[in-house]
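Single-structure report; data block below.
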Amino acid sequence: MNDLANSSMTENPRPGRIDFNTPELQRKRRIRALKDRLTRWYVLVGGLAVLAAITLIFFYLAYVVAPLFQGAKLTRTDSQTPAWLQDAGKPMVLAIEEQNQVAMRVSDKGEALFFSLKDGVEISRVVLPIPAGAKVTSVAQDQPGKPLIAVGLSNGEVLVFKHAYPISYPDSKKTITPTITYPYGETPLVLDEAGRALEHVNLNANDTTLILAGATGTQLHVLSLSQSENLMTGETSREQNRIDLPQLSAEVKAIYVDPRQQWLYVINGRALVDVFDLRDRTLNGRYKLLEDANAETTASTQLVGGVSLVIGSSRGNIAQWFMARDVDGEMRLQHIRDFKMSGAPISQITSEQRRKGFIAMDTSGKLGVFHSTAHRTLLIDPIASGPAVMGLSPRADHIIVEDNGKLLPLKLDNPHPEISWSALWDKVWYENYDEPKYVWQSTASNSDFEPKLSLAPLTYGTLKAAFYAMLLAAPIAVAAAIYTAYFMAPRMRRKVKPIIELMEAMPTVILGFFAGLFLAPYLEGHLPGIFSLLIFTPVGILLAGFGWTRLPESIRLRVPEGWESAILIPVILLIGWVSLSMSPHLESWWFGGDMRSWITNDLGITYDQRNALVVGLAMGFAVIPNIYSIAEDAVFSVPRGLTLGSLALGATPWQTLIRVVILTASPGIFSALMIGMGRAVGETMIVLMATGNTPIMDMNLFEGMRTLAANVAVEMPESEVGGSHYRVLFLAALVLLMFTFVMNTLAELIRQRLRKKYSSL
């Protein structure tokens, strides 16, 4: 017995107390500690991985976007001194074919010589059919990208020829065979009937009409040649008409024909340009090109498309001009923008054939690379010993320069000249526009299209869509969260909150599909009812609440505390039914039977079926669950002791809510609003399907918009990988990322200040 007692006391020295050092409990503590460490490291690594992923996304977007803002790069190759250059005559035109293998040189000797761009070896030589005794006095090319060349002669005639570079594959080897053809015959066309030398010449040809313009001194000569083909016989008939224009008072320096064959630009005197209307055969106006009285025009050209004139001066300045309507609605030549190259006079300007860029050379031998739309100077580099003749390839990646008996082949790397800060964010005066505007239009069907890549209307549309969505969602979500967390009965709250949070799981593509195909046309047909519903719903709820407080206490006490909101369900349904049922009658009484026409005609407000109102309703519905869930948790998490203490001190429930609960929960409510704002800014499918995707800058509730996210979704599949359009879309994504980062950072700073300020309550 004593041994048994001694052993019992040894095993449990203190009867009635639990031993926490048993092997089982020690093992559980070790497992728990291991789980804590694993969880801590898992959360730490996961958080760092998220930060690293976001950082990598940022740097990847920046890596793709960075080339947009790089300048041009010029690569020199060895100069060439071919034997044929010694007696080839004075160069008038240098041109390069598409493949950058063959170049053409037209000289004052009346020869078109083709040579290899790589080594300068002569490929072929064509003697132009110039009449005996006549000499070449002027040469002009058609619009950039067109292969027609006009040669003005000393006898007042013009020869028009076309250069082409057909490709063949004899013996499986690629071969380019340059050819010269004469689409208007090998016999020169008579431009000056008096037989005087044509000092300047220009041409423009479309499918049916050729316009030839020339000048001898101050006398203009314009010839219109129309061609038509008999579909039955295949014979071609031609008709010539002379266009008589007033004589100038100053010597002509250059002539240009508008591609629509409406305007004739005649640069004359020191710095004047006369613009003639070829259709009315009248003078549109005489314009002064330079403000400096001591400067004069020294070089000029047309940009691709022929709309813009680019004028170089003796001061080294370059200006762009084109026709636009003035304040009176009259077409006038407008000064658009200026470029500065150097102090030396500009000797030659050559336009790109596919973009609104150009290169220029001055008398000191400096070469400049510019882009008109972006108002950007990409490169200024000395390449020659003095004024030289140059030619630019169709792809604008090779330049050939003839300088003092040498050929200088150059490689030009200029992939994204059309992008600049001003082109992305400032108003830009585009061709065929009457004033500077914010425009996004990335593509068009014509080859001489001027890309309009302003991100301003897309950013504006993003903020517009988010504003109207938050205008609907914020008050409803926050008010619902406060009521659910503070006033609603716990049993009812357990049913209402999961249902509202379940709305967040609805795919936005479904909401966009519903908004675009059903909600938009329904709103258009029931505008009075919709506005009545938006106005009368809050008014009806307030009146119902006021009426409830005036009922006898015996009736009010029959409804359990916290269940009063259920009474509003029939009230809201009744208001909705009455508002929508009265919509046709309201439209007939007040708006002449068609509220949309009344808005458009009487108020002068544009109405699009898929507009900001549709987006606000649909996207607001999508944002409400986010804001509600976070705000409700913040209000519900306010310590119960604060509420009870306030009530015990005599405050009413409403005073307690306003002065204690909302202030304490304000950091969480603010976070909910910021997260909802971020969701609205980044939303894609709803704005993609529920708006017309029109990139306009207008807060009109009845017009659509295009957002940054929707624009990326729409245009990314059709963009060329690595092109300017492709990289600008990545820039739009980077702007979205930066916007959300800045908004979240500011929101966190404000939340921390609110939390610190009201933590003492």
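The numbers here are math on the coordinates, done by the rules we state, and not lab data. Being a predicted model, the structure only gives us computed values, none of them experimental. Every residue, glycine among them, receives a Cβ derived from its backbone with ideal geometry; neighbour counts consider all protein chains shown.
Here are the numbers:
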| read-out | value |
| --- | --- |
| Relative contact order (%) - region 130-288, alpha-carbon pairs under 8 angstrom, separation at least six | 15 percent |
| Nearest-0.05 FRET efficiency for Lys495 and Tyr758, computed from C-beta distance (R0 45 Å) | 0.90 |
| Point-to-point label distance, Glu239-Leu746, nm (Cα→Cβ direction, 7 Å offset) | 6.6 nm |
| With 10 Å bins from 0: P(r) over region 20-68, alpha-carbon pairs, percent | 23, 24, 19, 15, 10, 7, 3 |
| Cα shape, region 530-689, gyration tensor, a/c 1.5 rule | oblate |
| Loop-located chymotrypsin sites (Phe, Trp or Tyr not before Pro) in region 624-698 whose Cβ has at most 13 other Cβ within 10 Å (DSSP) | none |
| Calculated [θ] (222 nm, deg cm²/dmol) that DSSP helices of n ≥ 4 give over the chain, each run adding -39,500 (n - 2.57) | -11500 deg cm²/dmol |
| Fraction of antiparallel bridges per DSSP, the chain only, in percent to nearest 5 | 100 percent |
| Gain upon complete extension [Met331, Tyr522; 0.36 nm per residue less C-alpha separation] | 64.4 nm |
| Stretchable slack from Thr179 to Leu557, in nm (0.36 nm times residue separation minus alpha-carbon distance) | 126.0 nm |
| For the chain, average projected area of the Cα convex hull in nm² | 60.0 nm² |
| Exposure proxy order (Cβ contacts within 10 Å, fewest to most) of Tyr486, Tyr165, Tyr265 | Tyr165, Tyr486, Tyr265 |
| Ile482, Ile31, Ile57, Ile627 arranged by Cβ crowding within 10 Å, fewest neighbours leading | Ile31, Ile57, Ile482, Ile627 |
| Computed label-point distance, nm, for sites Leu543 and Ile476 using a 7 Å Cα→Cβ extension | 2.1 nm |
| Ranked list, fewest to most other Cβ atoms within 10 Å of each Cβ, for Arg30, Arg337 | Arg30, Arg337 |
| Spin-label model distance (nm) - Arg125 vs Ser445, 7 Å beyond Cα toward Cβ | 4.7 nm |
| Gain in span if fully extended, Asp602 to Arg550, counting 0.36 nm per residue against the direct Cα distance | 14.3 nm |
| Three-way shape label, region 456-758, alpha-carbon gyration tensor, a/c 1.5 | oblate |
| Among 510-521, 116-127, the order from most to least packed when residues are scored by Cβ within 10 Å on average | 510-521, 116-127 |
| Size of electric dipole in the chain: Cβ of Lys, Arg +1 and of Asp, Glu -1, about Cα centre, debye, nearest 20 | 4280 debye |
| Ranked packing of 384-390, 558-564, most packed first, by mean Cβ within 10 Å | 384-390, 558-564 |
| Cα-based helix-to-principal-axis angle, 724-758 vs the chain, degrees rounded to 10 | 30 degrees |
| Percentage relative contact order, region 430-547, counting C-alpha pairs under 8 Å, at least six apart | 11 percent |
| C-alpha center-to-center spacing [region 60-123, region 455-475] in angstrom | 51 Å |
| Relative contact order (%) - the chain, alpha-carbon pairs under 8 angstrom, separation at least six | 10 percent |
| Distance from region 257-289 to region 167-223 (C-alpha centre basis), Å | 21 Å |
